[in-house]
Every structure is written in structure tokens, then in C-alpha cells.
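The values are calculated or read from the model by the stated rules, or taken from the named source; none is laboratory data. Owing to the predicted nature of the structure, the values given are computational and were not obtained by experimental measurement. Please note: Cβ atoms are built from the backbone with ideal geometry, for glycine as well, and neighbour counts cover all protein chains shown. When the accessible area is computed, the model is the full protein with side chains, heavy atoms only, and any ligands, DNA or RNA have been set aside. Shrake-Rupley method; radii C 1.70, N 1.55, O 1.52, S 1.80 Å.
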Amino acid sequence: MTTHDLGRGGGLDVFPGGERRGSIRFVLAIALALIAAASGLLFLGRAEAEPYVLGLLAVLGMIGVFSLLATATGILRVSGGSEASPMYRRVLDDAFDGIVVTDPNGRVVYANPAYCHLVDATDISDVRPVERVFIGDPDVSEAVYRLLKAAREGRRLQEEVRVNGFAGEPARWLQLRVRPLGRTGADARFTVWTVADVSRERERQENVFQELQHAIDYLDHAPAGFFSIDGTGAVGYVNATLAEWLDYDLAEVGSGGLQITDIVPANGAALLTATSAQPGEVKTDVLDLDLKTRSGKTVPVRLYHKVAFGADGAPGASRTLVLNRARNEGIIDPQRAAEVRFMRFFINTPMAIATVDRAGRIARNNGLLAGMFQGVVAGDSRPEGRSILAIVAERDRPTLEAAIAKAARGQGDLPPVDAALAGEGDRWARFYVTAVEEEGDQEAAIVYALETTEQRALQKQVDQAQKMDSVGKLAGGIAHDFNNVLSAVMMATDFLLNAHKPTDPSFQDIMQIKQNANRAAALVRQLLAFSRRQTLRPQVLDLAEALSDISMLLRRLIGEKVALDVKHGRDLWPVKADLSQFEQVIVNLAVNARDAMPDGGRLTLRTANVSEEESRVTSYKGMPPGEYVLIEVSDSGSGIPPEIIDRIFEPFFSTKEVGKGTGLGLSTVYGIIKQTGGYVFVDSEIGRGTTFRIFLPRHVPTLEETEAAAASLAPAQTGAGDAARAASADHTGQGTILLVEDEEGLRGLNARGLSSRGYTVCEAGNGQEALELIDAGQKVDLVVSDVVMPEMDGPTLLKELRKRYPDLKIIFVSGYAEEAFAKNLPEGGQFAFLAKPFTLKQLVAAVKETMGA
């Protein structure tokens with residue numbers, strides 16, 4: 001059979017029994033023979049016919065049994081419904097693609113004429129399976145291997161390969177597909193291979209690709225730039241000309257990741273991304289602006305920015321033509337230079353600018369104004385054609401509208417308008433309106449806008465800090481004067497208690513006076529803490545250990561209804577603070593949290609290290625970058641109303657009922673943290689709770705501090721006997737003490753108390769009087785001096801005394817903190833310090849210790 005014959009006739013079919021079809025004539029002949037035999041037996045007698053009938057039945061029975069056995073064992077096959085119909089067979093035989101079916105052993109059981117033509121088969125012996133046809137072609141072997149593997153696994157697979165032509169024909173592209181004949185049963189063991197010649201399709205694709213490459217080449221090397229951006233501002237395409245202008249590699253651009261802000265400054269990018277139109281509209285804007293190169297240089301250009309909008313109003317990818325307006329060497333164009341200068345001024349100015357008509361509708365605007373619209377106006381963010389009043393809060397619109405109306409009438413020298421911006425958040429801007437000296441109503445005024453949100457926030461912080469500082473100075477001055485009064489009261493009560501026995505009727509009254517004086521002294525200490533003028537005794541602290549030590553106290557303070565949760569950060573850095581004052585801070589915050597949760601809740605204390613990088617990105621303004629240790633005190637209470645949250649640190653400000661708070665708890669916290677060098681911030685939400693965040697500077701211990709800490713651990717064994725002896729120490733002594741105090745009543749009481757303990761006391765009203773006594777020849781063993789005095793204060797007195805008597809001992813007493821005046825003392829000036837108010841016992845103990853040192 002020739003190839004031509006194969007093409008016109010049927011395919012090569014070597015299915016078992018594929019050509020052994022049943023014959024109706026053979027069946028009819030057998031039926032006629034049986035009928036003739038039966039008819040012949042009718043003419044015989046019953047006795048004579050019976051042996052023949054039995055013999056015929058036996059022969060038919062044996063044929064039936066053997067047929068059943070042959071069919072069961074597969075020797076005999078029955079044609080029937082499983083055989084393909086002639087119509088299906090013609091579909092396979094006449095298919096354009098080559099089709100071949102193989103059995104599980106890889107033998108060909110069917111091949112249509114198209115396959116025979118592809119493999120140049122002339123008879124059944126020439127029909128080879130696909131893997132044998134292309135086994136000698138190395139370019140096809142890998143693809144065939146993958147197809148064979150898929151055939152063994154019963155999977156479908158498709159490959160396209162390029163093969164050398166048969167019998168000198170040119171190379172061709174073939175599409176090879178493989179699939180199982182059926183999904184289940186015996187058919188699943190057979191594999192159907194399809195081989196299609198797709199050379200023409202590939203040729204068409206290559207032609208289209210070549211035409212596309214030519215078009216891209218033409219676009220890339222056009223004398224104008226071109227780029228495309230999507231709705232998110234991502235650059236999808238840049239031609240070679242523009243890439244060369246901007247010094248970018250085309251491969252880098254094509255890999256993605258390049259944004260419009262990488263090639264257009266922020267102000268210009270806002271103009272491009274703010275484009276908007278009606279759904280389905282195609283809009284083209286002409287924009288003069290700068291592009292920026294990889295190195296940051298600018299290139300003046302004119303853009304024809306075309307954007308098509310979808311049915312939903314979403315912008316599609318832009319088609320943007322770029323004309324380079326940079327100066328050409330040897331060509332002077334004054335008009336171009338003037339336009340470029342104006343463009344750079346208009347686009348790059350740090351103020352938002354717009355020209356508006358009499359109604360405030362925007363005719364032209366720069367990028368900053370477009371960005372302002374995007375930030376405060378929802379929906380259509382394109383400024384052109386919209387009223388500039390849309391970006392202003394409704395309550396401030398009449399003021400700006402009136403300014404525009406005055407400018408439209410030609411009025412000049414209009415005052416600026418401070419207005420809140422529309423939208424969420426507290427944003428402000430200052431608007432300057434000037435008239436336009438041109439005919440027509442399209443441009444009646446120029447509006448300049450400068451956002452002042454950060455400036456107002458900073459001014460608010462400065463005002464708050466100044467107010468707190470002023471209140472602190474006032475509180476400190478009051479506390480200092482009140483300390484003198486309390487010192488006199490407490491000293492007098494000590495004298496009265498020494499003169500009365502506990503059985504005296506007036507003894508309890510005197511004790512009541514002393515207790516109230518101590519309460520007043522505690523309030524004064526809180527005022528001094530707020531004013532940052534109290535005396536601190538800083539030490540290196542491990543905050544985790546400090547919080548653990550007071551956790552039991554906190555649980556008793558907050559009660560059973562409030563759960564306490566303490567979460568410590570890992571490897572906390574040390575801080576330097578006054579331990580007792582730090583504990584006071586935590587206690588005050590815990591008590592406030594408890595009062596905010598009358599029905600119970602949760603109080604959480606959390607500590608963590610804050611690196612310098614983390615502190616840089618914090619939203620808290622006024623805190624310089626650095627390494628801090630964070631202490632968070634959070635509650636699940638009622639929260640603080642926004643209208644009073646700026647006043648919570650003011651002294652005597654309280655939202656509690658009368659008699660349930662002094663209003664000094666949070667002011668004390670503020671003062672202690674500030675005096676320690678830290679920062680405290682508060683975040684609160686009504687109904688969800690409040691969080692106080694305290695940032696204390698990280699302390700890096702010096703070598704001396706490390707050695708001192710190690711030494712302090714050694715003699716840590718003090719018995720109860722030592723404490724008892726300290727409690728009953730003898731405070732009597734001898735020596736001459738110069739008492740310098742401007743408050744005459746307090747000076748007299750202190751002198752009386754020291755004299756009662758055996759000391760000789762000389763009195764002076766100020767530093768000048770003290771120097772006159774010493775210059776007159778008065779021998780003095782110790783000077784006890786106030787700090788703030790008229791004519792000559794304590795620090796000046798110390799300087800003069802050190803000139804005359806370098807070794808003279810001195811004790812300063814003051815209602816202010818030791819650090820408040822220590823900076824005014826000479827370097828290395830040695831002195832002791834006793835904070836007012838103090839009792840007689842504390843005074844004589846300090847004198848005894850200083851004189852014995």
C-alpha cells in the first residue's frame with residue numbers, strides 16, 4: 001500500500017479482531033441448515049428420527065459449551081456494541097491531526113492516515129510509535145521522555161517541538177499530545193497520541209512578534225520619551241529614549257518596582273495621579289513639569305498624559321508622551337527659558353497654589369494643592385473645576401469665601417485666613433488670597449495655602465510646656481515659703497511634746513497639730529515634685545526587680561476586683577532614678593487606674609527596651625532619639641475625655657469628687673519623671689481604658705559605680721541590734737554653730753533646739769551678717785545656712801567661707817531640691833544638705849553626723 005493509498009483509504013488497524021467482523025450470510029446459512037435438518041426429520045418416523053435428534057442436540061450442545069469456554073478464555077471474541085461505529089471510524093480516519101493508539105507494551109494498535117503521512121509509513125510494518133519516530137533527534141528526546149512518563153502515569157500532557165523534516169522537507173513545528181484512551185477498565189491501558197503540524201501557526205506568531213518588535217524598536221528610538229503608569233503609580237513601561245534621558249537601565253525598569261515618584265518629583269507626581277474623569281471617558285492633560293534622573297538632576301519636560309477610565313470610573317494604564325524642554329546647546333530660546341522658570345516656580349514652590357474664579361472654582365493648580373485635595377476630599381480628587389472651599393472645614397468656609405470675594409473685587413492686602421481642613425483628623429492651613437489684574441471671570445483670584453498642622457501642634461506643645469513651667473515655678477515658690485512655715489510649726493510641736501507628758505490633756509491636741517503638719521509637708525513635697533525642685537537620691541535600678549518588690553503593695557492598693565498583670569521585657573537595661581520616687585510614680589498611676597475601674601478590670605504593667613531606631617519612629621513629639629526603658633501602665637477603665645486630657649498633669653486638677661483627691665497625683669508623676677530626665681505620655685480612649693507610657697533614659701554604669709555596687713553587697717549583714725542602737729543614738733554634742741536663716745521665728749526655734757542639745761549657737765539673718773560675725777573673730781565649728789536669703793544667699797556665702805576657711809563644714813537647709821542650687825556652687829564645694837521641713841530630731845542628727853565626719 002502506498003502513501004497515496006493510505007491517504008484515500010482507511011487507517012492501519014491492528015486491533016485483535018479488528019478486521020474479523022461478523023457476516024449475516026454466515027448466520028443465515030447456519031439457520032437454513034438447521035431448518036432443513038428439522039424438516040427432514042419430520043418425514044421419518046418417531047422411532048427412526050429420535051437417534052438423529054439426540055445426536056444433533058448433542059452436537060449443538062458441545063458447540064455451545066466450547067464457545068462459552070473459548071469466549072471466557074479470550075480465544076473467541078464477540079463483535080458487538082464495543083466495536084466502534086463506522087461514523088466514529090471515519091472521524092478518526094479523516095482527522096487532520098495524526099492519531100496513533102498504543103497498547104501497554106507500546107505497540108501500535110491503530111494509526112490514522114494523517115499519522116502515516118507524517119511518519120512516511122507505507123504499510124503496517126512501517127508504522128512506529130512516537131518515541132521511535134523521534135528517538136534520533138536530541139531536541140525532541142526530552143519532550144518525548146516527559147510525554148512517555150505522563151502516558152505511564154495515565155496523565156494528559158502537551159509539548160511543542162521543532163523537528164527536522166522527513167525526506168528533505170524543511171524543519172517543522174509539531175504539537176505532541178498524549179492521553180489515556182479511557183478513564184477506567186481495559187481502555188485505560190491504551191494510550192492515544194496526537195501529532196499535529198503547527199508550523200504555520202508558529203510562523204504567524206513569529207511574524208506578529210517580529211512586527212511587535214519593530215513597533216517597539218520604533219517607539220524606543222523615537223525622538224520623544226514615552227512611559228505608562230497604572231492607577232497605583234507603578235511604572236509599567238519606559239521607552240529607551242526616556243530611559244536614556246533619566247539614566248535608567250531598561251532591564252531594571254521592566255523588572256518592576258519603579259514608581260512614578262522615582263522619575264517625577266512628589267509635587268508633579270500628585271498632578272499625574274490626581275487625574276479623574278467620568279466612567280468610560282478618555283482624558284488627556286498637558287502638563288509642564290520636571291522629571292528627575294537617577295542621580296537626582298532635573299529635566300524640564302512637557303507631558304501629554306492620556307488616561308482611559310473604565311466603566312467603574314477606575315483609571316487604566318496611562319499613555320504619556322514626553323517632550324524634552326531642556327536647553328539645546330547653541331540655541332537660545334527666551335520663551336522656552338521663561339516657561340521653564342515659571343513651571344519650576346509654580347510646581348516646586350512649597351506652597352499650594354491655585355487660581356480661582358469668583359465662586360472659588362479652581363482653574364489651575366500646582367501639585368501641592370492636588371495632594372491636599374487627595375488628602376482631605378473623598379471620591380473625585382481632581383481639583384480642576386471644583387471649589388477650593390471643598391478642602392476647608394464647613395465652619396471656616398465663610399471666612400475664606402469672603403476673602404476670595406474681596407480679591408475678585410480688586411481689593412488687596414487681605415489678611416491671611418487660618419482654617420481647619422475638611423476630612424478626618426485635626427489638620428489646619430493658612431490661606432493667602434490675592435487679586436488677579438486680568439479681564440474675565442475664569443481667574444479672579446490667586447489662593448496660596450500653607451499647611452500649618454505641625455506648626456500648630458508644636459506651638460501647642462510649647463504653650464503647654466510654658467504653662468506647666470510657669471505653674472511649676474509658682475508651685476515651687478509657694479512650697480518654699482510654706483516649708484518655712486511648716487518647719488516652724490513642726491519645731492514648735494516638738495518643743496511642746498517634750499514639755500508635756502502623754503497624760504496631759506493637751507498632749508493629744510499637740511499630736512494632732514503635728515500629724516496635720518506632716519500631711520501638709522507631704523503636699524508640699526508633691527508640689528516640689530511637680531516643679532522638679534525636690535531632692536532626689538538617684539541610684540542604678542533594675543526596673544524588673546523594683547516592680548516585683550512593690551507588686552504586693554499594688555495588689556493591696558487596687559483591691560480584689562482589679563487583676564494585676566506584670567509583663568517584663570527580656571534583658572532590661574538599667575536606669576538611674578530615685579527608688580522611692582519611682583515607686584511613688586507607679587503607686588500614683590495604679591491608684592488612678594483603680595479609681596477608673598470601680599466595677600473591676602485589669603491593670604497591666606509592661607516593661608521593654610526601646611532602641612534608638614525605635615525611638616526615632618515613635619509618634620511622640622518632643623522626645624529626642626535615644627535608648628530608653630519603657631514602662632507601660634495600662635488599665636481597662638472608663639478612659640479620659642479628649643477635652644481634658646491636656647490638663648491631667650496640672651496641679652490641683654482633678655475630676656474626682658470633693659474630698660476624694662488632691663489633684664496632685666499625676667502632677668507628681670510628671671514632675672518626678674521630668675526631673676529624672678524621662679518622658680511621660682498618655683493615650684486614652686473612652687470606654688476602653690488608658691495607657692501611660694514612661695520612657696526613662698538607659699544608664700550605662702561607670703567603672704566606679706560598678707565597683708561601688710559590688711562593694712555594697714559585701715557588708716549587707718546588719719542585725720536588729722544595729723537598728724536599735726541607731727534608733728536610740730545620742731544626739732547631744734558640743735561645739736559652736738553659726739545658724740544663718742532669714743526667717744526670724746524659724747531661726748529662733750532652730751537655735752533653741754540646738755542649744756537644748758548642748759551646742760553654742762550664733763545667729764545671723766543672712767549671708768552678709770554671717771561673714772561679719774566670722775570676720776569679727778567668732779570661732780565657728782559648723783555653719784547651718786538657708787539657701788534663699790536676701791543680700792547674700794547660701795551659695796555665695798559658701799564661696800566666701802571657702803576663701804577664708806577652706807575646711808569649714810557647712811549644712812544647707814532648703815525647701816528646694818539640692819540640685820536646684822548645686823549648679824551655682826564652686827566645683828568641688830563640699831557641703832551637707834537637709835530638706836525642709838524637718839523635725840528637731842532630724843536637725844540635731846544632721847549636725848551630729850556632719851561635725852563627726
- Checking rank on 98-109, 338-349, with mean other Cβ inside 10 Å and highest first, the result is 98-109, 338-349
- Query: Cα convex hull of segment 552-623: how many Å³ per residue?
  - Reply: 134
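Where only protein heavy atoms count, and the probe is 1.4 Å, what is the accessible area per residue for segment 119-213 in Å²?
Here the residues of segment 119-213 average 65 Å² of exposed surface.
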- Note on the structure: Interchain or sequence-distant (5+) residues whose placed amide H lies within less than 5 Å of the amide H of H699 are V575, K576
- Karplus 3J(HN,Hα) series, Hz, for segment 770-777 with 6.51 cos²θ - 1.76 cosθ + 1.60 (x for Gly, Pro): 5, 5, 5, 5, 5, 5, 6, x
- Sorted on mean Cβ neighbours within 10 Å (highest first), peptides 590-602, 777-789 come out as 777-789, 590-602
- Query: When the accessible area of segment 192-299 is computed with all protein chains present and a 1.4 Å probe, what percentage of it is carbon and sulfur?
  - Reply: 52
- With 0.36 nm assigned to each residue of separation and the Cα-Cα distance removed, Q210 to D94 gains 38.3 nm
- Message: Report the gain in length on full extension from E791 to A363: 0.36 nm times residue separation, minus Cα-Cα distance, nm rounded to one decimal.
- Response: 146.9 nm
- To the nearest 0.05, the calculated FRET efficiency linking E424 and N518 through their beta-carbon distance, R0 being 45 Å, is 0.30
- Message: Quick check on segment 732-789: take the gyration tensor over C-alpha atoms, sort the square-rooted eigenvalues as a ≥ b ≥ c, and tell me if it's rounded (a/c under 1.5), prolate or oblate.
- Response: oblate
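Which percent of the accessible area of segment 86-143 is formed by carbon and sulfur heavy atoms (probe 1.4 angstrom)?
Whole-percent figure for carbon plus sulfur exposure: 56.
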- Note on the structure: The set of residues whose placed amide H lies less than 5 Å from the amide H of V813, leaving out same-chain residues fewer than 5 positions away, is S785, D786, V787, L834
- How long is the gain from A457 to E203 if the chain were fully straight, where each residue apart is worth 0.36 nm and the alpha carbon distance is subtracted? 84.6 nm
- Message: Just to be sure I understand the model, the point goes 7 Å from the Cα along the line to the Cβ. What's the resulting A47 to K306 distance in nm?
- Response: 11.6
- Query: Could the peptides 632-644, 236-248 be put in order, highest first, of the mean number of other beta-carbon atoms found within 10 Å of their residues?
  - Reply: 236-248, 632-644
- Pull up all non-local amide H partners of V264: gap of 5 or more, or a different chain, and H-to-H distance under 5 Å with H placed in the peptide plane. K292
